[in-house]
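Working notes, beginning with the structure itself.
The values are calculated or read from the model by the stated rules, or taken from the named source; none is laboratory data. These numbers were taken from a predicted model, which means no experiment stands behind them. All Cβ positions, even for glycine, are placed from backbone atoms using ideal geometry, and neighbour counts span all protein chains on display.
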Amino acid sequence: MAGDLVVSDAPPAHLPELGPLLGPLLAPPHGSAPWLDEIRLALLGELFAAAGEARQRAGGGPVGFAVDNWLGAFQRAADRAASRVAEEVDRRVEEAALASRMPARLVTTRRLTEDDRRAIRNRFLSAAIPLERIAETGARADPGVRHVAGALLSAWDRLAAFAADEQGRGLRLAQEVNAWRRPRGPLVAISVGVTLVALATGLMLGGFLPAPGLLARLRDMWWRLPWP
């Protein structure tokens, strides 16, 4: 819950206004994906809402925060980002498959597997390492909210970089699917075979080549017809 951001069983670290501390997260980076901006804003909303509730309950007194809950908020954001980037990759592949008319059985082999999704999720969650390190030492020493905010910004930068990498991989995969063309070898072989059979049949019926059993009878019937 948002209110869990506050702790009362330890000396509280003063919680200043978060805006100046999280300023780089307030404006969307140039070229960032709209879905990633939605997750960024949701993360900010969760932190600001928790801080606001904490200040209301403190009634003007000192306000504390729990590092673990900042970590939890970020991990939830990372989890959502992993799901969204996987959806984006699959969407690109599906659109490319429609454009190239790739058969469904081949499209299936291009979609992300459960192992792929799990790997993406683990990678995105690993972006929280700066916060995890602080959480591990937070019980022994007060890290200070400014230090935690800096770690959060660092974690977000890692997450955004991972998202860009995965989107790039998805784009390359979609381009590969879009460039797919149905193999022409079998079609050419069938066309040549049909042409040769038709040519040989014509020559046999015309008497230019010897005709086997049934075809010889058909040839004889053909030439017995009362042609004008």
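Summary of values
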| quantity | calculated |
| --- | --- |
| Every pair of residues 6+ apart whose Cβ atoms lie under 8 Å, when the first sits in segment 15-37 and is assigned by TED's automatic domain parsing to the domain that holds L153 and more than 20 Å from G150 (Cα to Cα) while the second is among the acidic types (D, E) and modelled with pLDDT of 75 or more | A33/E88; W35/E88 |
| Filter result (under 15 Å from the mean Cα position of the chain (by Cα) and of a type in the set (F, W, Y)) within segment 73-127 | F124 |
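Quick grid of which residues meet (1) in contact with a strand residue (DSSP E or B) (Cβ under 7 Å, 6 or more places away or on another chain); (2) of a type outside the set (V, I, T); (3) at pLDDT 90 or above; (4) not assigned by TED's automatic domain parsing to the domain that holds G23:
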site: R140; (1), (2), (3), (4): no, yes, no, no
site: R146; (1), (2), (3), (4): no, yes, no, no
site: A149; (1), (2), (3), (4): no, yes, no, no
site: L153; (1), (2), (3), (4): no, yes, yes, no
site: W156; (1), (2), (3), (4): no, yes, yes, no
site: A160; (1), (2), (3), (4): no, yes, yes, no
site: L173; (1), (2), (3), (4): no, yes, no, no
site: A189; (1), (2), (3), (4): no, yes, no, yes
